[in-house]
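To keep things clear, I will list the structure first and then write my remarks on it.
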Amino acid sequence: MLRIPATTKNLVKRKSPHILLDGYQLVGGLGSVGTYTCELVDGLVDAGCRITLAIPRRELNSLGEALVARYPELGIAYPAREVHPDTSYQQLLIWNHRLIPEIAKAHLPDFHISVYHHTPSRMPAGTKCLTVIHDCCGLRSDSGYTFMGRAMLKHWTHLKSAAMFADAIVPISSYTRSSFVKHFPSAKSKTREPIYNCVSAKRIGVETKIKQLKLLGLETHGYLVGLGMASKRKGMDMMMRGYSEYRNQSGRLPLVLYGGGNFEPTAWGLDSAHCDSVRKLGRISDETRDSLFAGATALLFPSRCEGFGYPIIEAAKQGCPVVAWAKTTASEILPHEDWMEDLEPSVIAEHIRRKEAMSDEERTATAERLTIQADRFQGAALASEYMKVFHSLTGGYPEPLATQ
């Protein structure tokens, strides 16, 4: 609900802002940017904004279907012909620089939000463009990108378009903000303070956790969990090598991997003697994921570069300790935890042993501390910060009322 002053001198007429939001991540494969899009819509709708989703074609993915079902009143704008910006760089350019401006001209929104880096080069007069910057990991060769290779250059052009064309740049963490400004210092003045992601995962009930773990043949605190994404950026090589070192030091806990595709753990550094101790579940439901977190001794998340780190907060919501590197966003979003100072297999193994050795009292206290920190990332906070950016760009939109 918007706060509109009853009386004031020189009263400016105010209305609920109309947002055109790029929904290209609501088609095709599922990903964290699609999740971010849904969380952003949830928050802005609750804040009283009118939302029009620009969607490149009609076959929505499961995130898009659920979002549209949740808000039948959402406006949906399709281009005259379907495009695939989620899979083709050429069509991404067509989508951003031709089709989104055409949609904006037809709907005349107050603001357009580019949810992932690439920014339209033109907008109708009166439409301000905000761009969300999630990370600059694609510019780092230590995260698996070839220096001046095709993937790195694509990431650079995405970020450069934001630096050139956005009216306001919204980083999702201080870590991301500093990285972006370092690479694009000319955009510093329009790069705002971070607006943290919302994480809507709820704490799983004990009975649900026990049921889900039983189906998987697992026992509470009898395993480790990790993200099964075969990526140097996500630190799969560090996870496999660190877990091998832990097992070589008489560690007994198996490692359960969720999500990601099919890959060979030994190709990423797992000692072949421990192949039987690693289990790959593939894609799972949110309920199963949250149950895994609630029952795990720890989440292994030795990522080299994160813009935010959804798995860290999702695990913390369930009271699950996390093994992660201090030089990512881990130490920013959960500042009261014990993070690895060095990203090395021996350090990973040491931190696993620390989590395994926790007493019941220590584990309970840690879980309580984690959930309190994780509860900061709410949709109301996300929306409130966006409303401040809208207001600063036009002076015409008040901030939402604080939650009573």
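The values are calculated or read from the model by the stated rules, or taken from the named source; none is laboratory data. In this text, all values refer to a predicted model and were calculated from it rather than measured experimentally. Reconstructed Cβ throughout: ideal geometry from the backbone, glycine too, with neighbour counts over all protein chains shown.
Here is how the numbers come out for the structure above:
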{"read-out": "Those residues of the range 65-81 which are under 19 Å from residue 30 (Cα atoms) and either out of contact with any helix residue (DSSP H, G or I) (no Cβ under 7 Å at 6 or more places or on another chain) or not assigned by TED's automatic domain parsing to the domain that holds residue 49 (or both), in sequence order", "value": "65, 66, 68, 69, 70"}
{"read-out": "From 109, 85, residue being surrounded by 16 or more Cβ atoms within 10 Å (Cβ to Cβ), more than 16 Å from residue 165 (Cα to Cα), in contact (Cβ under 8 Å) with a residue 12 or more places away in the chain and under 25 Å from the mean Cα position of the chain (by Cα)", "value": "85"}
{"read-out": "Members of the range 251-300 that are hydrophobic (A, V, I, L, M, F, W, C) and in contact with a Phe, Trp or Tyr (Cβ under 8 Å, 6 or more places away or on another chain)", "value": "253, 255, 256, 270, 278, 281, 284, 292, 296, 299, 300"}
{"read-out": "Considering residues of the range 284-301 that are closer than 16 Å to residue 216 by Cα and small (Gly, Ala, Ser) only, the residue surrounded by the most Cβ atoms within 10 Å (Cβ to Cβ)", "value": "296"}
{"read-out": "Total residues in the range 149-190, condition under 21 Å from residue 43 (Cα atoms) and surrounded by 21 or more Cβ atoms within 10 Å (Cβ to Cβ)", "value": "5"}
{"read-out": "Subset of the range 106-162 (residues that are on the phi > 0 side of the Ramachandran plot and either modelled with pLDDT under 95 or not in a loop (DSSP other than H, G, I, E, B) (or both))", "value": "126, 144, 148"}
{"read-out": "So residue 258, is it more than 30 Å from residue 138 (Cα to Cα) and assigned by TED's automatic domain parsing to the domain that holds residue 350", "value": "no"}
{"read-out": "The range 264-283 - residue that is in a loop (DSSP other than H, G, I, E, B) and in contact with a helix residue (DSSP H, G or I) (Cβ under 8 Å, 6 or more places away or on another chain) and, of those, surrounded by the most Cβ atoms within 10 Å (Cβ to Cβ)", "value": "270"}
{"read-out": "Exclusive hit being in contact with an Asp or Glu (Cβ under 9 Å, 6 or more places away or on another chain) and either surrounded by 21 or more Cβ atoms within 10 Å (Cβ to Cβ) or at pLDDT 95 or above (or both), set 53, 93", "value": "53"}
{"read-out": "The one condition in (1) small (Gly, Ala, Ser); (2) under 27 Å from residue 308 (Cβ atoms); (3) not in a helix (DSSP H, G or I) that residue 187 fails to fulfil", "value": "(3)"}
{"read-out": "Any chance residue 73 is loosely packed, with under 14 Cβ neighbours inside 10 Å, within 23 Å of residue 49 (Cα to Cα) and modelled with pLDDT under 95", "value": "yes"}
{"read-out": "Residues (in contact with a strand residue (DSSP E or B) (Cβ under 8 Å, 6 or more places away or on another chain) and surrounded by fewer than 20 Cβ atoms within 10 Å (Cβ to Cβ)) located in the range 117-133", "value": "128"}
{"read-out": "Residues of the range 308-329 satisfying the condition of being of a type in the set (A, V, I, L, M), in contact with a helix residue (DSSP H, G or I) (Cβ under 6 Å, 6 or more places away or on another chain) and either more than 18 Å from residue 348 (Cα to Cα) or surrounded by fewer than 24 Cβ atoms within 10 Å (Cβ to Cβ) (or both)", "value": "313, 316"}
{"read-out": "Residue satisfying condition, being without any contact (Cβ under 8 Å) to a residue 60 or more places away in the chain and assigned by TED's automatic domain parsing to the domain that holds residue 367, within set 272, 291", "value": "272"}
{"read-out": "Any hit, the range 95-104, residues being more than 27 Å from residue 195 (Cβ to Cβ), without any contact (Cβ under 8 Å) to a residue 24 or more places away in the chain, assigned by TED's automatic domain parsing to the domain that holds residue 126 and in a helix (DSSP H, G or I)", "value": "yes"}
{"read-out": "All positions within the range 210-249 that are surrounded by 22 or more Cβ atoms within 10 Å (Cβ to Cβ) and assigned to a helix (DSSP H, G or I)", "value": "236, 238, 239, 240, 242, 243, 244, 246"}
{"read-out": "Entirely in the range 306-404, the helices (runs of 4 or more DSSP H) that have 1 or more residues that are more than 18 Å from the chain's Cα centre (by Cα)", "value": "345-356, 360-374, 379-394"}
